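Before any comments, here is the structure.
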Amino acid sequence: MKQLALDIGLATVPSLTSFFAGPNAAALEHLRLWATSPTRSPVPTYLWGESGSGKTHLLSAVHEALREQGLQVGCLDANTHNPPEFDCAWTAVLMDDVHLYDLSQQHTAFNWFVNALTPTSGSPRWVLAAGALPPADLKLRDDLRTRLGWGHVYALQVLSESERRAVLRQEADARGIFLSDEVMAFMLNRFSRDLGSLMQLLDNLDQYALQTQRAITIPLIKLMLESE
């Protein structure tokens, strides 16, 4: 979808509170305890699952939770092409989409991982990583792949249709948007059911409804698509 010429001022920031756990309650509780505990365990954590299972939301939510506490975090994903050197001021290292890392990014990820857990660089830091495959199946350099599987490993499950509907309703309510049952069904049946894509669709609809000063209806959705 094309970007609409309107500020994204109402989009909600990913948080652990707003994450709809569904079958992923154990992973959510683990991250919540780590992000809020004054004595954090340095044991690494790895999340894996197919697209739409919530990996990026959870990493972003942890980042936000630590930022709110005034803590610094090192972040790396497949779109980071000039990452900084490891910083001893970081409380944690977050690495997303590791299955897409090129050789340079793998080198950086390994360097950050080793530095994060090396006592000589200060207290051990937490490494939270995510990818589409379990550690053993990642097509990465051996030393990085084995380290990603060292600690806690959680397989995230994609939400069912009723759970995705509940997430859409929750997100719409948080924005003050009314979505009728008909609009919800149209969104779920006519567009990608990937949760990230549905959230982007809701964001675009929110902007377009504000721009046109109209309620979100099926005709409005069709009009938005025709205007692209």
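Scan region 103-140 for residues that are part of a loop (DSSP other than H, G, I, E, B) and either without any contact (Cβ under 8 Å) to a residue 24 or more places away in the chain or touching an Asp or Glu at 6+ places or on another chain (Cβ under 6 Å) (or both) and jot them down. Result: THR118, single match. Residues that are in contact with a Leu (Cβ under 8 Å, 6 or more places away or on another chain) and at pLDDT 90 or above within region 36-56 comprise PRO44, THR45, TYR46, LEU47, TRP48, GLY49, LYS55, listed in sequence order.
HIS152 fulfils the conditions (1) under 24 Å from GLU50 (Cβ atoms); (2) buried (at least 19 other Cβ atoms within 10 Å of the Cβ); (3) out of contact with any Cys (no Cβ under 9 Å at 6 or more places or on another chain) except for a single criterion, (2). Looking across region 69-99, just one residue is surrounded by fewer than 19 Cβ atoms within 10 Å (Cβ to Cβ), hydrophobic (A, V, I, L, M, F, W, C), closer than 20 Å to ALA132 by Cα and in contact (Cβ under 8 Å) with a residue 24 or more places away in the chain, and that is ALA78.
Per the listing ARG165, ARG145, ARG169, the residue uniquely touching a Leu at 6+ places or on another chain (Cβ under 8 Å), in a helix (DSSP H, G or I) and in the same structural domain as SER104 (by TED's automatic domain parsing) is ARG145.
No other residue among GLN200, GLN207 is surrounded by 15 or more Cβ atoms within 10 Å (Cβ to Cβ) and under 17 Å from LYS55 (Cα atoms) apart from GLN200.
Taken together, the criteria exclude LEU66 from residues that are buried (at least 18 other Cβ atoms within 10 Å of the Cβ), touching an Asp or Glu at 6+ places or on another chain (Cβ under 7 Å), in the same structural domain as LEU133 (by TED's automatic domain parsing) and of a type in the set (A, V, I, L, M, F, W, C).
The values are calculated or read from the model by the stated rules, or taken from the named source; none is laboratory data. It should be emphasised that the depicted structure is a prediction, and the values quoted were computed from it without experimental measurement. Positions of Cβ are backbone-derived with ideal geometry, glycine not excepted, and every protein chain shown enters the neighbour counts.
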